[in-house]
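Worksheet: one structure, shown below.
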Amino acid sequence: MFEGLTERLTRSLQNLRGQGRITEDNVKDTLREVRMALLEADVALPVVREFVARVKERAVGQEVLKSLTPGQVFVKIVNDELVHIMGDANEGLNLNAQPPAVVLMAGLQGAGKTTTVAKLARHLREREKKKVLVASADVYRPAAIDQLQTLAAEVEVDFFPSRPDQDPVEIGRAAVEHARRHFHDVLLLDTAGRLHVDEAMMAEIRRLHEAVQPVETLFVVDAMTGQDAANTARAFDEALPLTGVVLTKVDGDARGGAALSIRHITGKPIKFLGVGEKTDALQPFHPERIASRILGMGDVLSLVEEAQQKIDQQEAQKIANKLKKGKGFDLEDFLGQIQQMKKLGGMASLMDKLPGMHQLPDSVREQVNDKQVARLEAIILSMTPEERRRPEIIKGSRKRRIANGSGTQIQDVNRLLKQFSQMQKMMKQMNRKGGLAKMMRKFGGGRMPGLPF
C-alpha cells in the first residue's frame, strides 16, 4: 500500500534530515520533489497545491528555523499536513439512533459493495457487539442477492431475503420493518451499482434513501481509480447526502491518490479501508497511521490491534511457557507461528506496518515474501507429527518424501532444517541469563541467523 509514494517522499525528505539549517532554497528543492511525488501518486492537483503551500508556509517560519533538528521538524510538518488533508482523526460510524440504525451502501459497479457489506457486518458483530441484519436491494445484477446471502452466513449475521422481481424501495421498507420487529441494532442495505449520470438509477436510490432514512450513507469506491475516486464521490454527494467513504482494494494501490484526495475534494471522511478479499480485511481509517505509513514510519498501533484480535493468545502463552521451562521449540510450534502470521495478513501486510521496512534492499524484500512462507508451510505440513517434534530424525529417504509431498526440492528441505536448527540454538541462548544481550552483540550489524527466509 502506497509503496510508490513512500519511496519518493522518503527519498525527497532524506536530503533535508541531515541539514544543520533550513533555508528557503533547500525547502524549495525538497518541496519540488514532494510535489512531483504527489502528482505521480495521482493526487488531485488542488490538493497538491494546498498541501505544498501549507508545508512551505510552516517550513520557512520560526518553528523550523529555531529548531536544533530542522530536518526532523520538517518531516513532522509534512506528517502533520498529510494527516490534515486526510481528515485529522478517525471518524467511525454514527449509530446513535433508535434501532435499527440503517446504513445505506452506494457506489459504482465493481467497486466491491457487496463484499464490503459483509466485511462491515463482521466488524460490527465482532468489534462492536451489534446484532446485524443485511439486505440486498440490488435487483439488477444476477446472483447479487444470493452472493450476499452466502456472505451473511460466512460472517454469521442475519440475512433478509429479497427477490429480483421486487422494487428496491419496497425491499428497503420491508427490511427496516423486519429489523425493527426482530430487535436488530443495525441494518446494512446493499444497493445496485450505478453511474451518477444515470438519472433514472440516481432517482431510484434517492427514493430508497427517503424511504429508509439511513443514519449513514456510505460511498464505496475502488482506491485504484486514484483521484477519479474523489471526483466520482463528489458527483454522488451532489445527488445523495453521503456521510462517508469506504475505500476498497487499497492493498492493490501502490499510489495513494484516492486516500489523499477524497477528504479535500468531497469534504466527506474516509471511514474504512478494504485491504484484501477476506471478510476480516476491513480497517477503520486512521489518518495519522496512514501518514506514518506513507512516510515509511510504519503503523505499529494497527499491528498491535490486529494481533490482539486475531492471534490465539492461549497458543502464544503455551509456546512462551514451553520456552520458559527450557523445553524445545519444535517444528509444530513453528508451523503454528506461520499460521498465526497469516492471520495478520501475511508478510506483505506485516512489512507494510513495520517501521523502516521500505529501506530494506530489494534483494532482501524479495526473499521475505508470502510465497516463501507458503513453501515453508508446505514442507512442514508434509512431515509426520513425529518428524515435526524430532527434526533430527529427518534423513535421506524422509527428505525425499517431504520434498515430493510439498512440491519442493531436497535442498529446500535441507535449508529449512538448517535454519530451524539455528533458530533453536538462538532460543536456547535467549533463555539463559544475559543470553539475548550476548546474542545481539555477537550478531550485531549482521543478518540474524535462523530467520526462515
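The values are calculated or read from the model by the stated rules, or taken from the named source; none is laboratory data. Computed from a predicted model, the values in this text were never measured in an experiment. Please note: Cβ atoms are built from the backbone with ideal geometry, for glycine as well, and neighbour counts cover all protein chains shown.
Taking Glu126 as meeting all but one of (1) outside any helix (DSSP H, G or I); (2) in contact with an Asp or Glu (Cβ under 9 Å, 6 or more places away or on another chain); (3) of a type in the set (D, E, K, R), write down the number of the exception.
Tallying (1) outside any helix (DSSP H, G or I); (2) in contact with an Asp or Glu (Cβ under 9 Å, 6 or more places away or on another chain); (3) of a type in the set (D, E, K, R), Glu126 fails exactly one: (1).
Quick check: anything in segment 119-128 more than 18 Å from Leu151 (Cα to Cα), surrounded by 23 or more Cβ atoms within 10 Å (Cβ to Cβ) and at pLDDT 90 or above?
The answer is no; no qualifying residue exists.
Output yes when any residue across segment 379-401 is over 32 Å from the mean Cα position of the chain (by Cα), modelled with pLDDT under 80, in the same structural domain as Phe334 (by TED's automatic domain parsing) and loosely packed, with under 12 Cβ neighbours inside 10 Å, and no when none is.
Looking through segment 379-401, none of the residues is over 32 Å from the mean Cα position of the chain (by Cα), modelled with pLDDT under 80, in the same structural domain as Phe334 (by TED's automatic domain parsing) and loosely packed, with under 12 Cβ neighbours inside 10 Å.
Only residues that are under 21 Å from Asp237 (Cβ atoms) and not in a loop (DSSP other than H, G, I, E, B): list them for segment 80-108, please.
His84, Ile85, Met86, Ala101, Val102, Val103, Leu104, Met105, Ala106, Gly107
Could you please let me know if Leu82 is over 27 Å from the mean Cα position of the chain (by Cα), more than 23 Å from Thr217 (Cβ to Cβ) and modelled with pLDDT under 90?
no
Filter segment 207-241 for residues that are part of a helix (DSSP H, G or I) and modelled with pLDDT of 90 or more; which is nearest to Leu133 (Cα to Cα)?
Val212
Name every residue in segment 205-231 that is over 14 Å from Gly110 (Cα atoms) and not aliphatic (A, V, I, L, M), in order of residue number.
Once the filter is applied, which keeps residues that are over 14 Å from Gly110 (Cα atoms) and not aliphatic (A, V, I, L, M), segment 205-231 yields Arg206, Arg207, His209, Glu210, Gln213, Pro214, Glu216, Thr217, Gly226, Gln227, Asp228, Asn231.
Considering every residue within segment 306-329, establish whether at least one is surrounded by 12 or more Cβ atoms within 10 Å (Cβ to Cβ), modelled with pLDDT of 65 or more and assigned to a helix (DSSP H, G or I).
Checked against the condition, which is being surrounded by 12 or more Cβ atoms within 10 Å (Cβ to Cβ), modelled with pLDDT of 65 or more and assigned to a helix (DSSP H, G or I), segment 306-329 yields no hits at all.
Report the residue count in segment 129-161 for those that are assigned to a loop (DSSP other than H, G, I, E, B), of a type in the set (Asp, Glu) and farther than 25 Å from Gly92 by Cα.
Residues meeting the conditions: 1.
So in segment 242-262, with the set limited to residues that are modelled with pLDDT under 85 and of a type in the set (D, E, K, R), which one is surrounded by the fewest Cβ atoms within 10 Å (Cβ to Cβ)?
Only one residue fits best here, namely Asp251.
With respect to Ala152, determine if the residue is in the same structural domain as Leu208 (by TED's automatic domain parsing), in contact with an Asp or Glu (Cβ under 9 Å, 6 or more places away or on another chain) and closer than 22 Å to Ala211 by Cα.
When the stated conditions are applied, Ala152 does not pass them.
Being out of contact with any strand residue (DSSP E or B) (no Cβ under 7 Å at 6 or more places or on another chain) and not hydroxyl-bearing (Ser, Thr, Tyr) is the filter here, so list the residues in segment 127-144 that pass it.
If the condition is that a residue be out of contact with any strand residue (DSSP E or B) (no Cβ under 7 Å at 6 or more places or on another chain) and not hydroxyl-bearing (Ser, Thr, Tyr), then Arg127, Glu128, Lys129, Lys131, Val139, Arg141, Pro142, Ala143 are the ones that fit.
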